[in-house]
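Here's the structure, in structure tokens; my notes come after.
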Amino acid sequence: MKITSLAGGIGGARFLRGLTQSEKVTRNVDVTVIANTGDDIWVHGVRVCPDLDTVMYTLGGGISAERGWGREGETFTAKEELAIYGVEPTWFGLGDKDLATHLIRTTSLNAGYPLSEVTQALCDRWEPGVHLIPMTDQRCETHVVVDHPETGARIAMHFQEWWIRYGAQLPAHEFIQVGLDQAQPAPGVIDAIMNADLILLPPSNPVVSIGTILAIPGVHDAIRNTPAPVIGLSPIINNAPVRGMADACLSAINVETSAVSVARHYGSRSSGGILDYWLIDHSDSDSLAEIEDLGISARAIPLLMTDIDAAGAMANSALDLVHAN
């Protein structure tokens, strides 16, 4: 069985850890993860790929369990020294262990290797148990159009600055993928979608994680046309994000923060969208009929990833849908 998953950062990575350690996923199951690179950023001369690294560290056993990002047992001596020098950005924290990954990536990219090959080389160390590939080898960075916090002038800033420095508190008017017009799916992306037996959309941010991957030319069409069933898991529980600030992103594209509204945003494959099935939390079970009316089969299950067993149970529920239909 071949499973292909689109994934963002922490939520996607934790779901994938549950999936890969699920009792239903054996050695006969191949998992490919197409990761968002819209969050990628140059910081202090190195290329940082937050979502790729979060998936790689989480599945490879090196993630900080407390933070959900960066390395376990991390120190931040270099960050502190840079701040003493007054070098910006002081709001973006590069851990000392994590910095080694970024240095290797940057050196390889500068030598002419594409991001997909560099990612594979990094995974050779971490052995995440999945085939991890970026959505594209080209630059495709998410920027956010906001009103400047001091002057009020409308400006665009990198997503990371909006998310980390300002905590997504500046109302977003629009999200722009800089470089999207030149971006192409990374090698293996379309094949992984078209040759899959199952497509999974974890509870990642539907706008700046899953949405950014879908914006890469050819990806949305491939998911529309794949013979594999497409199952999504809601990142919204009881009208609030499971984690992070997805509500700030949804409001920018005029989508309500609810499980049914995100399902409507993705749309059913029978009406030009991408979903066949949508898993929502028990607390939103009164939305099942409304989701079914969209042409999407829905089921209510526990969706809080309190630990790896809970994430595994979510993954099992998704796989049960395939076996039952």
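What follows draws every value from the coordinates through simple rules; no lab data is involved. The model shown is predicted, which means the values in this text are computed figures rather than measured ones. Note: ideal-geometry Cβ built from the backbone for every residue, glycine included; neighbour counts use all protein chains shown.
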* Note down the Stokes-Einstein diffusion coefficient of region 225-282 in µm²/s, whole number, using a Kirkwood radius over alpha carbon pairs, 37 °C, and 0.692 mPa s. => 276 µm²/s
* To do: Let me know the Rg and Dmax you get for the chain when you use only its Cα atoms, in Å.
  => 19.0, 60
* Structure fact -> Computed about the Cα centre, the charge dipole of the chain from +1 Lys/Arg and -1 Asp/Glu charges at the Cβ has a magnitude in debye, to the nearest 20, of 400 debye
* Residue exposure sequence - R105, R47 - by fewest surrounding Cβ within 10 Å -> R47, R105
* How big is the C-alpha Rg of region 1-160 next to the rule-of-thumb value 2.2 N^0.38 Å, as a ratio? -> 1.12
* Structure fact -> Stretched fully, the stretch from V87 through L304 gains (0.36 nm per residue minus C-alpha distance, one decimal, in nm) 74.2 nm
* Starting from the Cα gyration tensor of region 162-283, take the square roots of the eigenvalues, sort them a ≥ b ≥ c, and report rounded, prolate or oblate (rounded when a/c is under 1.5, otherwise prolate if a/b is larger than b/c, else oblate). => oblate
* So, counting K/R as plus one and D/E as minus one, what does the shell of residues with Cβ under 13 Å around T37 add up to? -> -3
* Structure fact -> Taking only the alpha-carbon atoms of region 70-131, the convex hull volume per residue, in cubic angstrom, is 103 Å³
* Around E141, which amide H atoms from residues at least 5 apart in sequence, or from another chain, sit under 5 Å from its own amide H, with H modelled in the peptide plane? -> V178
* Arranged by the count of other C-beta atoms within 10 angstrom, fewest first, what order do S116, S285, S270, S258 take? -> S270, S285, S116, S258
* Asked: What FRET efficiency comes out for the pair S270/I176, r = Cβ-Cβ distance, R0 = 41 Å, nearest 0.05?
  -> 0.85
* Full extension from A100 to N28: what is 0.36 nm times the residue separation minus their Cα-Cα distance, to one decimal in nm? -> 22.6 nm
* Calculated FRET value between I155 and T75, using beta carbons and R₀ = 25 Å, to 0.05 -> 0.15
